[in-house]
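Heads up: the structure comes next, in structure tokens.
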Amino acid sequence: MSIVKTAKLTKTYDTGVVVNALSEVDFELNKGDLVAIVGDSGSGKSTLLHLLAGVDKPTSGEIFIQDKNITKLNKEDLTIFRRRNIGVIYQFFNLIPNITVHKNILLPLLLDNKREDKNYFNEIIETLGIQDKLNRYPKQLSGGEQQRVAIARSLVTRPAIILADEPTGNLDRKNSEEITALFRVVNKRFLSTIMIITHDEKVAVSCNSIYKMVDGRLYSLEEAGYENN
């Protein structure tokens, strides 16, 4: 089942010099996919993530998430759709410092006036090993613990897709390995569709498939004639 599909997705910036950040990218993710996007800085990886997350608009092309063309949505409808269907995990966690871990996890539901599914919530926090952290504040947690909370928050709405932007980039090696392993656990346990932007080779090879962004174009590393170099 197709969860995400792009058609000739293009993003151009014109600041006196025209820069093609993305060039006619055709990309598809199916239910339960766990994929990594690698590439040099400035290659277009983050641009792709921001477009899929609905926080930026393409210059041309289309994005379908669960068959909904999000490029056609107005700002208000896109905000609602994004909150309900897209989970995003950032390198620097983006937790709210003055609310508890519990409320940080539930924030997407609270913003949507939705009640939590307590059984599902408990399954999330048990899977991520943060049951005893719920009444703490982000500053009382280690970097690895904060990223676990961010993953929990991304899962709480049962999103169509989880987008992770360098999720291990602010962690030491031990925590990086633990978070990498957790993505595989989450992918299998919740059948989550996950796309990870990463510079970390160990994160990339832990995924089921790898794509490489080169000058705004996306290549599968399994494509004939394309080498990972």
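The values are calculated or read from the model by the stated rules, or taken from the named source; none is laboratory data. Quantities reported herein were computed from a predicted structural model and do not represent experimental measurements. Every residue, glycine among them, receives a Cβ derived from its backbone with ideal geometry; neighbour counts consider all protein chains shown.
Listing for the model above:
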| read-out | value |
| --- | --- |
| Cβ-Cβ under 8 Å pairs, at least 6 apart or on other chains, region 134-145 side charged (D, E, K, R), far side surrounded by fewer than 16 Cβ atoms within 10 Å (Cβ to Cβ) and not in a loop (DSSP other than H, G, I, E, B) | none |
| Test: residue in region 138-153 that is within 16 Å of S192 (Cα to Cα), modelled with pLDDT of 95 or more and surrounded by fewer than 17 Cβ atoms within 10 Å (Cβ to Cβ) | no |
| Positions within region 94-115 being assigned to a helix (DSSP H, G or I) and aliphatic (A, V, I, L, M), in sequence order | V101, I105, L106, L107, L109, L110, L111 |
| Any hit, region 126-135, residues being closer than 25 Å to T100 by Cβ, among the basic types (K, R), in a helix (DSSP H, G or I) and at pLDDT 95 or above | yes |
| Boolean, Y219 is in contact with a Phe, Trp or Tyr (Cβ under 7 Å, 6 or more places away or on another chain), at pLDDT below 90 and under 25 Å from K8 (Cβ atoms) | no |
| So D77, is it among the acidic types (D, E), closer than 26 Å to V214 by Cβ and not in a strand (DSSP E or B) | no |
| Hits in region 7-37 - residues which are modelled with pLDDT of 95 or more, touching a Phe, Trp or Tyr at 6+ places or on another chain (Cβ under 9 Å) and buried (at least 22 other Cβ atoms within 10 Å of the Cβ) | L9, A36, I37 |
| Criterion: over 16 Å from A53 (Cβ atoms), assigned to a strand (DSSP E or B) and β-branched (V, I, T) - qualifying residue of I210, I196 | I210 |
| Sole residue being assigned to a loop (DSSP other than H, G, I, E, B) and under 25 Å from V186 (Cα atoms), chosen from V35, V88, V55 | V55 |
